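Read the figures in this text as sums done on the coordinates, not as results from a lab. Not measured: the values here are computed from a predicted model. Neighbour counts run over all protein chains shown; Cβ positions are idealised from the backbone, glycine included.
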Ligand SMILES: [Zn+2]
Ligand SMILES: [Zn+2]
């Protein structure tokens, strides 16, 4: 099992729970050696705060991580980060956020602030936006890895040729940028969804997506995407995910510092 986790939220995003310290204690209990906080980044133009933290919570987020880093330095290495969308017109703001933390992960939830979410807007036309933004984000060099790269499957009910084409585009961009992809350990929180002839599935990991990833030279990493401290202690997540990906082989990252940038 992986001994680090770079995908951890805090209560500030509006849809997670638990004290920051409880995440650290859960990680120590789970024998995690490196814990990275990567809460949903605040954006200056956002108005909806159930998806992300408000800008005025940012300093408290960073100082809380810093004090936990000091307090637990003999037991665990704590890192600071953000999970971010990629908005081409807000790249300067993104660079500023990157300068405040140890790393950024790419979580491409929205093509437009507040109004569209790829979990609800993911028809064949929307998927072209998803692929284009992924390509630009990979090229930007700002990210350490891509979180739940098959996020677009969350609200779809079919896997078709457009999904295949888009997956190849994302893989080509990630391979070229040497950007690892995350196998998300928390896709099961949305429950099973029906994907037509493919039956009932979790949105991620989505087998057909990863079958294509396996054909590329792309490193992989597990991410708990913890929105509750207890998630970090739940081993069954690995088993469920590996059952889904059973016959595929990947090159799993062992040292988080080999990818952080
Ligand atoms: Zn979240
Ligand atoms: Zn997340």
Checklist outcome for this item: As a percent rounded to 5, the proportion of antiparallel DSSP bridges among beta bridges in segment 1-141 is 5
Checklist entry - In the chain, what is the volume of the convex hull around the alpha carbon atoms, normalised per residue and reported in Å³? => result 113
Next on the checklist: Ignoring everything except DSSP H segments at least 4 long, calculate the 222 nm mean residue ellipticity for the chain; use -39,500 (n - 2.57) per segment, divide by total residues, nearest 500.
Outcome noted: -10000 deg cm²/dmol
Item to check | 17 Å reach of a label modelled at residue 73, 7 Å along Cα-to-Cβ, counting backbone N of segment 1-43 | outcome: 34-35
Checklist entry - segment 1-97: D in µm²/s via Stokes-Einstein (Kirkwood Rh, Cα pairs, 25 °C, 0.890 mPa s)? => result 175
Checklist entry - What is the percent of Cα-Cα separations in segment 45-118 that go past 21 Å? => result 33
Item to check | Estimated translational D of segment 152-261 in µm²/s (Stokes, Kirkwood radius over Cα pairs; 20 °C; 1.002 mPa s) | outcome: 144
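Rounded to two decimals, what is the ratio between the C-alpha radius of gyration of segment 86-173 and 2.2 N^0.38 Å?
Compactness ratio reported: 1.08.
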Next on the checklist: Students often get this wrong: which residues of segment 75-103 have the backbone nitrogen under 16 Å from the point 7 angstrom along Cα-to-C-beta of residue 119?
Outcome noted: 83-85
Checklist entry - Which value in nm describes the separation of the simple spin-label points at residue 56 and residue 1, placed 7 Å from the Cα toward the beta carbon? => result 4.0
Checklist outcome for this item: Residue separation between residue 93 and residue 238 times 0.36 nm, minus their alpha-carbon distance, gives in nm 48.7 nm
Checklist outcome for this item: The distance between the Cα centres of segment 3-33 and segment 157-206, in whole Å, is 25
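DSSP beta bridges in segment 4-258, what fraction antiparallel, as a percent rounded to 5?
10
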